[in-house]
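Below is one structure, written out as C-alpha cells; comments come after it.
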There are 2 protein chains.
Amino acid sequence: MKNILATEELNTEELILRAAKKIFTHKGFEGARMKDIADEAGINKALLHYYFRSKDKLFESIFDGVLKSFLPQAILILSSELPLFQKIDRISEYYIQSLSKQPDIPIFVLHELSVNPYRLIENIKEHGMDLHLFSQQLQSEIDEGKIRPIKTAHFITNLFALCVFPFIGRPLIMGMMNLNDTEFNSYVLERRQIVTETMIRSLKV
Amino acid sequence: MKNILATEELNTEELILRAAKKIFTHKGFEGARMKDIADEAGINKALLHYYFRSKDKLFESIFDGVLKSFLPQAILILSSELPLFQKIDRISEYYIQSLSKQPDIPIFVLHELSVNPYRLIENIKEHGMDLHLFSQQLQSEIDEGKIRPIKTAHFITNLFALCVFPFIGRPLIMGMMNLNDTEFNSYVLERRQIVTETMIRSLKV
DNA sequence: ATTTGATTTAACCAAACAGTCAAATATACA
DNA sequence: TGTATATTTGACTGTTTGGTTAAATCAAAT
C-alpha cells in the first residue's frame, strides 16, 4: 500500500504532470522527449501513455494549465473596481512574484504560441478575455484629464512588457549586464517598483 | 550555364541560408526539419549536408548571423556621442523598423538562448558588448539633475522591453485585442512614438 | 574531345523517437 | 482466500530523422 499519509507523496498522475511541466517549459514541445519526462518523474515511459495517451495530449494538459493559471488573473485585476494606479501595482506585483518562481513560463508560452498561434484562440474565447470594462475605465480617466491619452493596446503592452521581459530576456540581460544568478535575483526584486514607477510617471499629465 | 546576369538569381549557398533562416526562426532548432529547409530552398536534402556538414553547423551560421545583425547596432547607438533622449529615439526607431520586417527573430533568439544560454557568452565576448560608456552618460545626466535616478540595467530593460515585446507577444496581443494582421501592423507603427514617449516621460524630473 | 573539379541527386543507413502490448504486480473487495 | 480491477513494467514496433555514399551531371580548362 502506498504511503498516503506522507503529505509530500504525490500520486503518479501528479508526478507526471509536474515532470512534464518542467521538461516542456524548459525545452519546448519539440525539444522535449517522452523519455526525459518519464525519467524526471521516476517512472516507466509506457506509463506516460497509460495516463496520457500521446505526447500531444500531455502537452495540452500542461499548456492549458499554464495559460489558465496566468491569463485569467490579469483580466480579473484589470476588470476589478480598483483605481487605475492600484491595478498597475497589483499586476506588476502578481506577475513578477509568480514568474520569479517559474521563470521559464513566458518564453515557453510565447514560443509555442508563435509556432502554433491557433492554440490561444480557444483558450481566450473560453475564458472570455474581455477588456471592455478596463477600456472604459482608462477612457474615463483620460476624459477627466487625470492621465495622458493612451490606447488600451499600448497600455497593456507597456505594462506586460515591463513585467515580463526580464524573464524572457534573462540570458541576454545576464550576459550584457554581467550578472550572476544572485545579482539577477536582486535585479528582479527591484523590478516591481520600477514597473509601477515607469508606468505611472509615463501616464501623469 | 546558370543565369548569373539576373540579379535576383541567388547561388545555392545563399538559397540555403535564406531557407534555413526562414525555417529555423519560424520553428526553432528542434522543430526545424532538414527536409523542410531543403524543400524551402528547392534543392535536395543531401545538398544541405554538402554545403553545411550538419544541422548544428547550419543552425550556428544562422544564429550567429542573426545575433550579429541585431545586437551590435544597440551597442553602437548606446555608445555614441548622441544625447540620451536621441538615443532612445534611435533605438526604438531601428529595432521597431527592423523587427517589423523580421518579426520572428526575437522569439527565436530568446527561445534558443533559454534552451542553450551558453551560446550567447562567446558572441558577447566577441563583440565586446561594453555598456560602460553609456552607464557613465546615464550617471552624468542623473548627477546633473536632468533625469530621475535609474540603474543602467533597468533603463536597458525598459527600453528593450517596450520595443521588442510587441513582436514577442504578437499572438497574445492580437488575441486579447481582437486585431487582424492589418490592425496589428498599424499598432506596431504607433509603437515607436509610444516607446520614446513612455521612456522619456518616465525619466523626466 | 578529354580531363578535372565542383555540384547535384537518388538510394540508403543507423539512431532516436513516439507509441504499443502482453505479461507482471499491486490493490480492493467478496 | 480468491477474484476482479487498476497500475506498472520490459521488450518490442514502425516511422521519422539527421546523415552518408556512390554515382551522375555540369562547367571550365587543357
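Every number here is computed from the coordinates shown, using simple stated rules; none is lab data. Quick caveat: nothing in here was measured; it's all calculated off a predicted structure. Cβ placement follows ideal geometry from the backbone for every residue including glycine, while neighbour counts extend to all protein chains displayed.
Here are some notes:
- Here the dipole of the protein assembly as shown is about 240 debye; that uses its Cα centre as origin and unit charges on the Cβ of Lys and Arg (positive) and Asp and Glu (negative).
- Calculated [θ] (222 nm, deg cm²/dmol) that DSSP helices of n ≥ 4 give over chain B, each run adding -39,500 (n - 2.57): -25000 deg cm²/dmol
- Overall, the anisotropy analysis places the protein assembly as shown in the oblate class: the square-rooted eigenvalues a ≥ b ≥ c of its C-alpha gyration tensor yield a/c not less than 1.5, with a/b not exceeding b/c.
- Nearest 10 degrees, 0 to 90: helix A:181-203 Cα axis against chain A principal axis: 30 degrees
- Partner chain coverage, peptide A:185-194 - average Cβ within 10 angstrom: 2
- Nearest 10 degrees, 0 to 90: helix B:132-143 Cα axis against chain B principal axis: 20 degrees
- Shape category assigned to chain A from the gyration tensor of Cα positions, a/c cut at 1.5: prolate
- Pseudo-label separations to other copies for A:Glu13 - Cα-to-Cβ vector, 7 Å, nm: 5.7
- Placing +1 on each Lys and Arg Cβ and -1 on each Asp and Glu Cβ, with no other charges, gives the stretch A:8-53 a dipole about its Cα centre of roughly 260 debye.
- Convex hull volume per residue for the stretch B:151-192, taking Cα atoms only, in Å³: 64 Å³
- Cα-based Rg of the stretch B:8-53 normalised by 2.2 N^0.38 Å, two decimals: 1.04
- Filter on A:Lys68/B:Lys22; A:Lys21/B:Lys151; B:Lys21/B:Lys45; A:Lys68/A:Lys146; A:Lys101/B:Lys55 - keep pairs with C-alpha separation over 23 Å: A:Lys68/B:Lys22; A:Lys21/B:Lys151; A:Lys68/A:Lys146; A:Lys101/B:Lys55
- Cα-centred dipole magnitude for chain A, charges only on beta-carbon of K, R (+1) and D, E (-1), debye, nearest 20: 280 debye
- Along chain B, longest interval not containing exposed GluC sites (Glu not before Pro), exposed being DSSP loop plus at most 10 other Cβ atoms within 10 Å: B:9-80
- Distance cut-off 16 Å, percentage of C-alpha pairs in the stretch A:87-161 lying past it: 66 percent
- Stretch gain in nm, segment B:Glu144-B:Thr12, where the contour uses 0.36 nm per residue and the Cα spacing is subtracted: 41.9 nm
- Global size of the stretch B:68-113 as Cα Rg and Dmax, reported in angstrom: 11.7, 34
- At 7 Å out from Cα toward Cβ: B:Ile200 inter-copy label distances (nm, ascending): 2.4
- Relative to the dominant Cα principal axis of chain A, helix A:152-168 is inclined by about 50°.
- Among the residues of B:66-78, the average count of other protein chain beta-carbon atoms within 10 Å of the residue beta-carbon is 0.
- Peptide-level mean, for A:176-182, of C-beta atoms on other protein chains within 10 Å: 4
- Label-point spacing for B:Leu179 across the identical copies (point 7 Å from Cα in the Cβ direction), in nm and ascending order: 2.7.
- Debye intensity ratio I(q)/I(0), log10, the stretch B:34-133, q values 0.14, 0.19, 0.21 Å⁻¹ (C-alpha model): -0.69, -1.05, -1.17
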